[in-house]
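One structure is given below, encoded as structure tokens.
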Amino acid sequence: KLVTFAVITILVIVTPGYLLKDINWTQKKDQITISVIQPNLTLKEKWSLSGIQKTRRIFEKAIKQADNKELIIFPETALILNESKQINWLNSMDKSARLKEVGIITGIIERKETDLNSEDSLIYNRIKGFGDAQGSYNKIKLVPFGEFIPFNRFSGNLLDLIGLKLTNTIPGQDYSSII
């Protein structure tokens, strides 16, 4: 009885897979070229004025060398200045990418001022699309001590005393698409 049950169970599991394996369930619709670019900068260099300029040149070169309809992906926080501090350059890059029908997805720091008379701002780790890839997403799941300081009310002052100037990133509120 047990052997019969085992044989029937195996046949029920294996037979459909064997009979259905040759069916083509999907069809190739289109082909896309994707480039993933990692700027090779040290942290010190990345967070400097010269690093910002090098990163911009890498973006510009990537667009110039891209094939039409290519998707270019840069890493999280590739652009360390928020949009308002580099809006002219971002608009120029977006226009160049659109002319070539290229999509760019990159990480960018987004700062929103909480009060015009205050130094405080809300900082988001954002993924943003340019060119043929439009939209943005503020990262929801943040890394403790890398993107936010747990128990900041208690530990923030202590970390400032020992000379650690950590940025406290705010999590995004909802999921959004880049299309």
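The values are calculated or read from the model by the stated rules, or taken from the named source; none is laboratory data. These numbers were taken from a predicted model, which means no experiment stands behind them. Reconstructed Cβ throughout: ideal geometry from the backbone, glycine too, with neighbour counts over all protein chains shown. When the accessible area is computed, the model is the full protein with side chains, heavy atoms only, and any ligands, DNA or RNA have been set aside. Shrake-Rupley method; radii C 1.70, N 1.55, O 1.52, S 1.80 Å.
Which order do the peptides 138-149, 16-27 take when ranked by the mean count of other beta-carbon atoms within 10 Å per residue, highest first?
138-149, 16-27
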> Largest first, how would 102, 14, 36 line up by accessible area (1.4 Å probe)?
Replying inline: 36, 14, 102
> When the helix-only estimate is applied to the chain (DSSP H runs of n ≥ 4, each -39,500 (n - 2.57), divided by the residue count), what is the mean residue ellipticity at 222 nm, nearest 500 deg cm²/dmol?
Replying inline: -11000 deg cm²/dmol
> Nearest-5 percent of antiparallel DSSP beta bridges in the chain?
Replying inline: 60 percent
>> Which one, 124, 39, 78, is farthest towards the positive end of the dipole of the chain when Lys and Arg carry +1 and Asp and Glu -1 on their Cβ?
In response: 39
> Based on the alpha-carbon gyration tensor of the chain and its eigenvalue square roots a ≥ b ≥ c, which shape applies: rounded if a/c is under 1.5, prolate if not and a/b is larger than b/c, or oblate?
Replying inline: oblate
